[in-house]
Every structure is written in structure tokens, then in C-alpha cells.
Amino acid sequence: MTRLDVNRREFLKITAGTCAALAMPTPGQSPASSKMVGIQVGAVSFVDEGTEKVLDVLGERGCVNTLFLAVFTYGRGIAGRQIPGQPLPDHGKQEYDLNFHGGNFATPHPQYYTNTVLKNTRAPDHGDLDILAEVLPAAKKRGMKVICWLEDVFRTDLPNIQKLQERDLYGRNAETLCVNNPDYRNFLTGLVEDYARSYDIDGIMWGSERQGALADSLGATHDVPPIDPGEVTCFCEFCQSRAKQAGINVERARQGFLELEKFVRSARSGQRPVDGYYVQFWRLLLRYPELAAWEMLWTDSLRDTYAAIYKTVKTAKPTVPVGWHIWHNNSFNPIYRAEQDLHELSNYSDFIKVVMYNNCGGERMAFYADNIGSTLYGDLSKPNLVDLTDALMGYKEGSYDQIPYTGLSADYVYRETRRALAGAAGTKTQIWPGIDIDIPTELGHSKCTPQSVKQAVLAAFRAGAPGVILSRKYSEMRLADLSGAGAALRDLKLTG
Ligand SMILES: [Zn+2]
């Protein structure tokens, strides 16, 4: 490790719990806790275990100095308890939150939602609790920072939500919302302005785990099952009008996606085209370059949303850092990776969390191979496809048959960190690797251990990361595995 330049006042401010004593700066050593050590945590943990208790545990076991508090989402994945069917961890209430609803876990202030039809989003899960009002003072007293963590996940039963929804290839409403729809864009900018102006927060992170219609149609993702090629998005009036402005022929695009739908359905039923799957795909893409244009239209629309959120927050309160969570698909799908141009993103990013969850990454890479191996790469065997992915993405990992049972290695975290840092080199953007602590995997597949977590954290810092984000959420982590992160930070102090 290189020697760090420590601002002692800042350093004391961000250390917490027993880690503060362990990480007292000594000349010639690198106090690891001068790094950002974040953890994602939802309101339910504070409700179940008590605010002070949770902060104690995070500080002592994980050397955490920054909370990524899930303040807005309709997804249990970052805001609820353990996923039903997965074993409950050794803390928190020992039951599943089957009635999870989600929404805004703080208090929405109506003046920020005048330009959208989406208004009443307060989460009903914990009565009158405002999680920011509850956690902010307690965290600040300990010198912990609080970053608002927001996600692009909605329910279908919210008033007016259908007006914000994307439209699929056949014009049907999707469950996802369109970032080109003014009602959604204005909701997002209103939401972040509300957080920035109404609370003394230390940052905002938003995440959208989605991609465009081309990658989705091909099933270029680890999601199970992949989206149906007839349900890819977005073809709404706002996207069509944006396409026209960009000089894209909407009808040609639609025809291309209808042809692609046929190709994907036929490939998934095992009907190999005369010249093979890969060649047939290229024949389509060359005939309909609008397929690629439509994918980039989606990506540019997302980037514009990032930029709009960034500008809104900076206008409201210039000192509040703004950044993004980049989806795990970034590790598997080269098309998605190509869309995550860190230099471009740095224009409106103070930080970027790059997901590099190594334990669940093995299972997920195999799922990705199953999905894309049934369409674009139908000519390859699954083991060959995983080898190809390793080569394309620069990994040295195990075979298709092994990785669900071994996970990906700490070396993967190291390589991903190096690559992300190089991708953002010369910019102001901080890269914070997302570290896997007990993210659910299927029964019998690889599980995290204190040692695997420790090795992953060490790898991220050895590669030069200025911080890490322990993920996905405290309520699914086993305490011993969280301690693996703290152990890494203590080791770094000793070996610096
Ligand atoms: Zn749209």
C-alpha cells in the first residue's frame, strides 16, 4: 500500500467504535479507517435492533464510518429483512417481513413534488418513523456520515404509477418507470432536492439495475429468468420523440426488435440458424443498426437522469456528494460494461459504487452464461462461454461447473477495482467497490465466510480503492462475516 496523507481532524471525525483506537495514525503506517468504509442498511434494522445498538455493531465489527441508508425503494432487497426462504442471520427480528411495502422511509415534503403526478410515496412500514430524523443525529454524534441510498424499484399499485411506466415492444405498460417521462424525471429530481434541503445529509447515491432493449432481448444479464424479448423497453411516446430528435427511425427500430424477438424465441427453443446463432445475430444487427441505436438511446437517457439528479442536488446544496450504484451485470455482460464509460460518467459523479460481489458472483456468472448462452452464444458450450467471459473481462476464475460452488475470488475484486480506478483515472470521481457480505445465493451454492469477506476487502484496498461499500444490507449479514471486513481494516493498519 502507498502511504496515505492523513488529515488528522478528518480522520478522527470518521473513525468510530473500537476501530478508532486501532487505527490511530502512526508515522509510516497507513490507517485504513482514513478510507471510506460504508455499509448499506435499511430502516428495518434500526427498528428491530435499536439505533444505538446497530451503530455500535457496525462500528465495532465492520469499522464502518459511513451509512448508506436505504431511504427510498419499493424493494426488499436493500430495505427489508432477509429474503423469505433464505436463513435469517444471527441478529435482528427472527421473522420475515412478508408484508414489506417500501417507499420513502423519511418524510416527503409536498413542495418538492409539484411537477409530478407521483406524490404519496411515504413508506407505511414503520408508522410515523422518519429514518433520517432518527439516524442522522445519532450517527453524527459518533462522527459517522449518512448517505441517502435510493433505488429505481417501484410497485405497480401506487396511485398514478401507470402514467410513469415504460412501454414494451407491443406498447404495453411495463412495471419499470421511464426516465424520459417528465413525471418520473421530475419525481426523482424532487426527491433528491427534498433530501438535500430537508436534512443534513452527507451524500446521495441512486441505483438503476436496468439496461436497454437490445441487451435485454438477448438475455444479456444474470437475472433469472431473463426478460421476455417481447417485453423489452422502452417504446413510450417520450422515448419515440427522443429517438426522432436523435435521427433514429422508430419504425425501423421496432421492426428490428420484432425480428430480434423471433431470433431469441427460436434460439431458446434450440433451433440453430443455418449459419449459427452468432452469425445470425450479426445479420440482424447489420440489417437493423437501429437495434444498437435504441440501446444507446436508453443509456443516454439514464446518463441524462444522472446529470439531472446531480445538477439538482448541487444547486440545492453544493457540498452534498452525489454518485451511483453500478449493477453487477457490469462484471458479466460486455455490452453493459461498454455502456458504463466511467470517464463520461465522471462529469456528473462525485463517487461511483462499482458492484464487485465476489461470492454471489460465481453463481451469477453461471446464470449469465445460461441466459446469453441460449441466444447470442448458442454456438458455444457453457464452459467455453464462461472461459470467453473471463477472457473478455480480464478475470482468472474457475470453470462454469465450479463457480456456483466456489464463488469468484478476491482476485476478481482486485482486478475489478484496478480496472475501475483506471477507467476513472484523471477525474474527480471516487471509486468505491461494492463488497459482498452474505448476499443470498441458492441452497448448496457458495456462501461468504469471515475469511472470504476479509480477503475481498483487502483486495479492494490493495488495488488502491479509496473506500468500500459493504453490501447489500446489514439485515442479511451474519455478524461474524461483517467482522471479516473489520479484520481486514485492522490488518491494513498493521501492515501499512
Ligand atoms: Zn420511455
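Once the Cβ-Cβ distance between Asp401 and Leu479 is put in as r, and R0 is 45 Å, what FRET efficiency do you end up with, to the nearest 0.05? Don't skip to the end; give the middle numbers.
Values: r = 32 Å, r/R0 = 0.72.
Efficiency, from the Cβ-Cβ distance: 0.90.
Tabulate in residue order the Karplus-calculated ³J(HN,Hα) for region 466-473, using 6.51 cos²θ - 1.76 cosθ + 1.60 with θ = phi - 60°, rounded to whole Hz; enter x for Gly and Pro.
x, x, 9, 10, 6, 9, 8, 7
Which of Lys93/Lys454; Lys140/Lys473; Lys53/Lys141; Lys35/Lys93 have a Cα-Cα distance over 24 Å?
Numbers: Lys93/Lys454 26 Å; Lys140/Lys473 20 Å; Lys53/Lys141 14 Å; Lys35/Lys93 31 Å.
Distance filter (> 24 Å) returns Lys93/Lys454; Lys35/Lys93.
Per DSSP helix of 4 or more residues, -39500 (n - 2.57); summed, then divided by the residues of the chain. What does that give at 222 nm, rounded to the nearest 500? Provide the component values of the computation, followed by the final result.
Details: 20 runs with 221 residues, N = 496.
Helix contribution divided over all residues of the chain: -13500 deg cm²/dmol.
Would you mind calculating the gained length between Met296 and Ala391 on full extension (0.36 nm times residue separation, minus the Cα-Cα distance), in nm to one decimal? Walk me through the intermediate numbers first.
On the way: separation 95, 0.36 × 95 = 34.20 nm, distance 2.46 nm.
Difference between extended and current length: 31.7 nm.
In whole angstrom, how far apart do the alpha carbon centroids of region 218-236 and region 68-139 sit?
The two parts, judged by their Cα centres, are 27 Å apart.
Which shape class, rounded, prolate or oblate, goes with region 98-138 when its Cα gyration tensor gives a ≥ b ≥ c as root eigenvalues, a/c under 1.5 marks rounded, and past that a/b bigger than b/c marks prolate?
Since a/c reaches 1.5 but b/c is at least a/b, the shape of region 98-138 is classed as oblate.
Full-extension gain between Leu285 and Arg268, please, as 0.36 nm times their residue separation minus the C-alpha to C-alpha distance. Write out the running numbers ahead of the final one.
Values: separation 17, 0.36 × 17 = 6.12 nm, distance 1.85 nm.
Between Leu285 and Arg268, full extension yields an extra 4.3 nm.
If the only charges are +1 at each Lys and Arg Cβ and -1 at each Asp and Glu Cβ, what is the size of the charge dipole of the chain around the Cα centre, to the nearest 20 debye? Numbers along the way, then the final one.
Numbers: 54 positive and 58 negative charges, 254 e Å.
Its charge dipole is roughly 1220 debye.
Over the chain, what is the mean sequence separation of C-alpha contacts under 8 Å (at least six apart), divided by residue count, expressed as relative contact order in percent?
On the way: 969 pairs, mean separation 92.9, N = 496.
It rounds to 19 percent for the chain.
Could you calculate the FRET efficiency of His126 with Leu158 from 1/(1 + (r/R0)^6), where r is the beta carbon distance between them and R0 is 25 Å, rounded to 0.05? Please report the intermediate quantities before stating the final value.
Working: r = 18 Å, r/R0 = 0.73.
According to the calculation, E is roughly 0.85.
With the Cα gyration tensor of region 314-359 giving a ≥ b ≥ c as the square roots of its eigenvalues, does the rule (a/c under 1.5 for rounded; else a/b larger than b/c for prolate; else oblate) give rounded, prolate or oblate?
Values: a/c = 3.99, a/b = 1.93, b/c = 2.07.
Oblate shape, in that a/c is at least 1.5 and b/c is the bigger or equal ratio.
So, with +1 on the Cβ of K and R and -1 on the Cβ of D and E, and no other charges, what is the size of the charge dipole of region 420-496 about its Cα centre, to the nearest 20 debye? Don't jump to the answer; show the numbers that get you there.
Numbers: 9 positive and 6 negative charges, 53 e Å.
Dipole size: approximately 260 debye.
Give me a comma-separated list of calculated 3J(HN,Hα) values for region 166-171, in order, Karplus coefficients 6.51, -1.76, 1.60 applied at θ = phi - 60°, integers in Hz, x for any Gly or Pro.
With coefficients 6.51, -1.76 and 1.60, one gets 5, 10, 7, 4, 9, x Hz.
List the residues, sorted by chain then number, that are 5 or more residues from Gly373 or on another chain and whose placed amide H is less than 5 Å from its amide H.
Sorted by chain and number, the residues that satisfy this come to none at all.
Place a +1 charge on the Cβ of each Lys and Arg in region 134-255 and a -1 charge on the Cβ of each Asp and Glu, then give the dipole magnitude about the Cα centre in debye, rounded to the nearest 20.
Details: 15 positive and 19 negative charges, 78 e Å.
Its charge dipole is roughly 380 debye.
Find the centroid of the Cα atoms in region 254-301 and in region 378-448, then give the distance between the two in whole Å.
Cα centroid to Cα centroid, the span is 27 Å.
Among Ala196, Leu218, Leu284, which residue has its Cα furthest toward the positive end of the charge dipole of region 192-293, with +1 on Lys/Arg Cβ and -1 on Asp/Glu Cβ?
Leu284
Let me have the relative contact order for region 37-166, percent, based on Cα pairs under 8 Å that are six or more residues apart.
Dividing the mean separation by the residue count of region 37-166 yields 30 percent.
In whole percent, what relative contact order does region 419-471 give with Cα contacts below 8 Å and a gap of six or more residues?
On the way: 45 pairs, mean separation 26.9, N = 53.
Once divided by the residue count of region 419-471, the mean separation gives 51 percent.
Sorted by packing (mean other beta-carbon atoms within 10 Å per residue), highest first, where do 71-79, 85-93 land?
On the way: 71-79: 23.9, 85-93: 15.0.
In decreasing order of mean packing, 71-79, 85-93 become 71-79, 85-93.
Given R₀ = 22 Å, what would the calculated FRET efficiency be for Tyr278 paired with Ala338, taking r from the Cβ atoms and rounding to 0.05? Walk me through the intermediate numbers first.
Details: r = 17 Å, r/R0 = 0.79.
After rounding, the FRET efficiency stands at 0.80.
By average Cβ neighbour count within 10 Å, what is the ranking of 233-246, 117-130, 207-220 from highest down?
Details: 233-246: 17.9, 117-130: 15.3, 207-220: 23.3.
Those peptides, ordered most packed to least, come out 207-220, 233-246, 117-130.
When DSSP beta bridges are limited to those with both residues in region 34-127, what percentage is antiparallel, rounded to the nearest 5?
25
So, by mean Cβ neighbours within 10 angstrom, what's the order for 269-279, 455-465 with the highest one leading?
Working: 269-279: 12.2, 455-465: 24.3.
So the order, starting with the most tightly packed, is 455-465, 269-279.
Give the shape of region 68-125 as rounded, prolate or oblate, defined through the alpha-carbon gyration tensor: a ≥ b ≥ c are the square roots of its eigenvalues, a/c under 1.5 means rounded, and otherwise the shape is prolate if a/b is larger than b/c and oblate if not.
Details: a/c = 3.32, a/b = 2.74, b/c = 1.21.
Prolate, since a/c reaches 1.5 and a/b exceeds b/c.
Every number here is computed from the coordinates shown, using simple stated rules; none is lab data. For clarity, every value in this text was computed on a predicted model and none was experimentally measured. Neighbour counts run over all protein chains shown; Cβ positions are idealised from the backbone, glycine included.
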